[in-house]
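> If you scroll down you'll find the structure; I have some questions about it.
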Amino acid sequence: MNNSLKSSVPTDREVILGILNNSEDALNKLYKAYYAMVLQFILNNNGDEDDAKDVYQEGIIILYNKIKAGNFELSSKLKTYIYSVCRRIWLKKLSLNSKKAGNITDYEDVFAVEEDVEHHEEKDAAFVKMQSALDHLGEPCKTIIQDFYIHNLSMQDICEKFGYTNTDNAKTQKYKCLQRLKKIFFQP
Amino acid sequence: MRNDLELDAIIEDYLLGKLNAQETEAFEQLRRNDATVDHKVVSHKFFLESMGTFAEQLRLKEQLNHIHSEIDVEGLADTLRPHPSKIVQLWRKNKSVVAVAASFIVLSLVSIYSIQHNSKQEANYEKMSRELSRVKQSQNNLVLDIKASTQHNSPKKANPGNFGGTGFAVSTNGYILTNLHVVNGADSLYVQNSKGESFKVKSVYTDPQNDIAILKISDKHFNGLSTIPYTIKKSISNIGENVYTLGYPKDDIVLGEGSVSSRSGFIGDTTQYQVSILVNPGNSGGPLLDNNGNLVGIISGKQDQTEGAAFAIKSKYILEAMRAIPQDSLGVNRLGTNKKSLLSGLKRTKQIEKLEDYVFMIKVY
């Protein structure tokens, strides 16, 4: 493990409070603190850097959401939690790709996190659904919707950005797009 | 269409709390009265929540990607990647195990060292020729003297020699194969058949490397044998194959049964088999046969201090030894590999009945 990374490991309390307070710095520290651990695990178990990135980010998102939801009890070290979650995710991926997962080389203690991972998978499915609905929408609808709902731009900004003659026209367009998006999104 | 869009706009404003009190009141009235509108509100609320989570996750992912780009992934990966050298990899994985194993080895070495210095234990190879006591020998010599003077024309009767062993016929005209260590250094050699008749033999071939000797009966009372019932097995025997031997550890023929337990002999000697037959002094030179009456080897010795580990020279070396003898002198009816064994399919008792005449006690003076 890299020394410069190790020295900046934040305390678990610091991380949790930071995330609850939307502190970017806390997330930053958290991310950098345990990346090497997961990278080592993935690299030594049939994975590459990209796999490590995907798995680690998923793990961080799970932790983040759990803390945000307010039901994270610090019953173990964050490190162990992250490791267990990432391990679980990676084993699932390996078995999905029917790659060999016979001899897993472990570097940390592990505890059961199946529930959290499964809960996350449901959430992720909703995420993927929304993403594909947006992709199906086509331009300029996609950008208008994204600007309004995700980047929180005002209708005035959107009107100017796309060059609508007035905000009412832009609004009408937005609602048309929204109707289509909802139709796609609620499709069974 | 136009109405729909307006309705959507109102619903969204309502959900986002952008309507003023009066409008809210009016809209809630509308919701209560119109189920379709009510349903639209609920579904839009769900949609907005989904969108909200989506936006949140998307932002989080972007943030993580941003942080990720600050990390020197390449450099980290290089130090953490499984090392190309298997040894380093093993070491990294099993540091603690190796440490435990090493200390265990040290401990066991120490204890082995101390045990060895307390009691010397060595496995030795015992050649299974029979050495008889001098007293008995001298007494028998007396008997021999008396008998020799009285019975001159009949075949000589039993009289144990200094050493004893077993041998078996490899041709009908009196060639007998045994272990070299049985006959080595002999002044004179006799063989005795199961009926108790003795014949004088002389050694015609010795192979010190494989411990094989071939004797030839040179006694004028010897009338030749009928067809040799067994054949030589060319292939290597499998572990677990049932085998048996006949020999003369005492003055009567004795059967020893067991199985091939290893394809190599004493300290990995590949010219021999290890067999689980209990052999005793006197068994040396005995034929080792399988269930079908194929000659698998020659019993040659055992490991002392180990029970049930006897060794037999592989049959291939019998063939080699036989090739060393002038082929004409062996005669037509000799031991071969191609013929079918006359013993195959017979019960063990019948096999032995047939075999008895071909297994000889070797007496060495």
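> Name every residue in the range A:144-184 that is among the charged types (D, E, K, R), farther than 18 Å from residue B:47 by Cα and without any contact (Cβ under 8 Å) to a residue 12 or more places away in the chain, in order of residue number.
Scanning the range A:144-184 gives A:157, A:160, A:168.
> If you don't mind, there's one more thing I want to ask. Considering the range B:330-356 alone, what residues qualify as being small (Gly, Ala, Ser), under 29 Å from the mean Cα position of the chain (by Cα) and either modelled with pLDDT of 85 or more or farther than 14 Å from residue B:287 by Cβ (or both)?
Our first condition is that a residue be small (Gly, Ala, Ser); within the range B:330-356, this holds for B:331, B:336, B:341, B:344-345.
Now drop any that are not under 29 Å from the mean Cα position of the chain (by Cα), which leaves B:336, B:341, B:344-345.
B:336, B:344, B:345 - these are the residues of the range B:330-356 that are small (Gly, Ala, Ser), under 29 Å from the mean Cα position of the chain (by Cα) and either modelled with pLDDT of 85 or more or farther than 14 Å from residue B:287 by Cβ (or both).
> Please work out which one of (1) at pLDDT below 80; (2) under 13 Å from residue B:51 (Cβ atoms); (3) buried (at least 18 other Cβ atoms within 10 Å of the Cβ) is the condition residue A:158 fails and give its number.
(2)
> Just wondering, is there one or more residues in the range B:300-308 that are crowded, with 17+ Cβ neighbours inside 10 Å and outside any strand (DSSP E or B)? Break it down stepwise before answering.
At the first step, the residues of the range B:300-308 found to be crowded, with 17+ Cβ neighbours inside 10 Å are B:300-303.
From the residues that got through so far, the ones that are outside any strand (DSSP E or B) too are none.
Checked against the condition, which is being crowded, with 17+ Cβ neighbours inside 10 Å and outside any strand (DSSP E or B), the range B:300-308 yields no hits at all.
> On to the next question. Could you check, for the range B:238-259, whether at least one of its residues is among the hydrophobic types (A, V, I, L, M, F, W, C), under 15 Å from residue B:311 (Cβ atoms) and surrounded by fewer than 20 Cβ atoms within 10 Å (Cβ to Cβ)?
As a first pass, look at the range B:238-259 and keep what is among the hydrophobic types (A, V, I, L, M, F, W, C): B:239, B:243, B:246, B:253-255.
Filter once more, so that each one left must be under 15 Å from residue B:311 (Cβ atoms): B:239, B:243.
Narrowing further to those that are surrounded by fewer than 20 Cβ atoms within 10 Å (Cβ to Cβ): B:239.
Within the range B:238-259, one or more residues are among the hydrophobic types (A, V, I, L, M, F, W, C), under 15 Å from residue B:311 (Cβ atoms) and surrounded by fewer than 20 Cβ atoms within 10 Å (Cβ to Cβ).
> Would you pick out the residues in the range B:10-63 that are away from chain A (no Cβ under 13 Å), surrounded by 14 or more Cβ atoms within 10 Å (Cβ to Cβ) and among the basic types (Lys, Arg)?
Listed by number, the list holds a single entry, B:31.
> I've got another one for you. Give the residues of the range B:201-235 that are touching a residue at least 24 places away in the same chain (Cβ under 8 Å), within 24 Å of residue B:187 (Cα to Cα) and in a strand (DSSP E or B), sorted by residue number.
Within the range B:201-235, B:201, B:204, B:205, B:206, B:207, B:212, B:213, B:214, B:215, B:216, B:217 qualify.
> Could you grab me the full set of residues in the range B:1-42 that are farther than 14 Å from residue A:175 by Cα and either touching a Phe, Trp or Tyr at 6+ places or on another chain (Cβ under 6 Å) or among the polar types (S, T, N, Q) (or both)?
Across the range B:1-42, the qualifying residues are B:14, B:20, B:22, B:24, B:27, B:29, B:33, B:36.
Per-residue answers, yes or no, for (1) within 14 Å of chain B (Cβ to nearest Cβ); (2) over 24 Å from residue B:65 (Cβ atoms); (3) modelled with pLDDT of 85 or more; (4) part of a helix (DSSP H, G or I):
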site	(1), (2), (3), (4)
A:53	yes, no, yes, yes
A:59	yes, no, yes, yes
A:67	yes, no, no, yes
A:76	no, yes, no, no
A:82	yes, no, yes, yes
A:85	no, no, yes, yes
A:104	yes, yes, no, no
A:118	no, yes, no, yes
A:122	yes, no, no, yes
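> Next question. Any idea which of B:285, B:297, B:258 is assigned to a strand (DSSP E or B) and in contact with a helix residue (DSSP H, G or I) (Cβ under 9 Å, 6 or more places away or on another chain)? Step through it out loud before you land on a result.
Numbers: B:285 fails: assigned to a strand (DSSP E or B); B:258 fails: in contact with a helix residue (DSSP H, G or I) (Cβ under 9 Å, 6 or more places away or on another chain).
Unique residue meeting the criteria: B:297.
> Let me ask something else about it. With the condition kept exactly as written, say whether any residue in the range B:202-210 is of a type in the set (Gly, Ala, Ser), in the same structural domain as residue B:173 (by TED's automatic domain parsing) and more than 19 Å from residue B:319 (Cα to Cα). Show your work before the answer.
So the first thing to find is which residues in the range B:202-210 are of a type in the set (Gly, Ala, Ser), and the list is B:203.
Those left that are additionally in the same structural domain as residue B:173 (by TED's automatic domain parsing): B:203.
This time we only want the ones that are more than 19 Å from residue B:319 (Cα to Cα), so: none.
No: the range B:202-210 contains no residue that is of a type in the set (Gly, Ala, Ser), in the same structural domain as residue B:173 (by TED's automatic domain parsing) and more than 19 Å from residue B:319 (Cα to Cα).
Here is a yes/no grid of residues against (1) at negative phi; (2) of a type outside the set (Ser, Thr, Tyr); (3) surrounded by fewer than 18 Cβ atoms within 10 Å (Cβ to Cβ):
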site	(1), (2), (3)
A:36	yes, yes, no
A:43	yes, yes, no
A:56	yes, no, no
A:71	yes, yes, yes
A:75	yes, no, yes
A:79	yes, yes, yes
A:82	yes, yes, no
A:86	yes, yes, no
A:91	yes, yes, yes
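The values are calculated or read from the model by the stated rules, or taken from the named source; none is laboratory data. These numbers come from a predicted model, not from an experiment. Virtual Cβ from ideal backbone geometry, glycine too; neighbours counted across all protein chains shown.
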